[in-house]
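Remarks on the structure that follows.
Every read-out reported here was derived from the displayed coordinates using simple, explicitly stated rules and does not represent laboratory data. Keep in mind that what you see is a predicted model, and the values were worked out from it rather than measured. We place every Cβ from the backbone using ideal geometry, glycine too, and count neighbours over all the protein chains shown.
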């Protein structure tokens, strides 16, 4: 498939494809095979660029372009596969990132729980020292012994 055919199927111009590739630092030559046709990975890359930026389009335009893209995708199984592979890759990346965030939050929670347990033990020890003279190891002073009854 050529860039022109890909542009027609995505309902965008060739220059839009080239501009998006340039914005993302991708060279078009890297997406082509020896015959000048787009490789499957190249089609995946281009399809992913346009699916990821669908939120840039206004809601009315998005509904129209989505309907057009859906009709186009139904006619081209290779493009459908490319789009689905790009979405799968994006979802896998998101899952990996969320799992890492989850692990980090679990570590932070464990550290906070340990700190809380230490703080509670310290407070309990302080309360014991303030309320129980025997636990504090205090001795009666000289005058207290003199005037102590009993």
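With a simple spin-label model that places each label point 7 Å from the Cα along the Cα-to-Cβ direction, the separation between residue 30 and residue 115 comes to 4.2 nm.
Separation of the range 27-47 from the range 89-132 is 48 Å, based on Cα centroids. The distance between label points at residue 128 and residue 81 comes to 7.1 nm (points 7 Å beyond Cα on the Cα→Cβ vector). Compared with the alpha-carbon gap, the fully stretched path from residue 103 to residue 91 is longer by 2.5 nm at 0.36 nm per residue.
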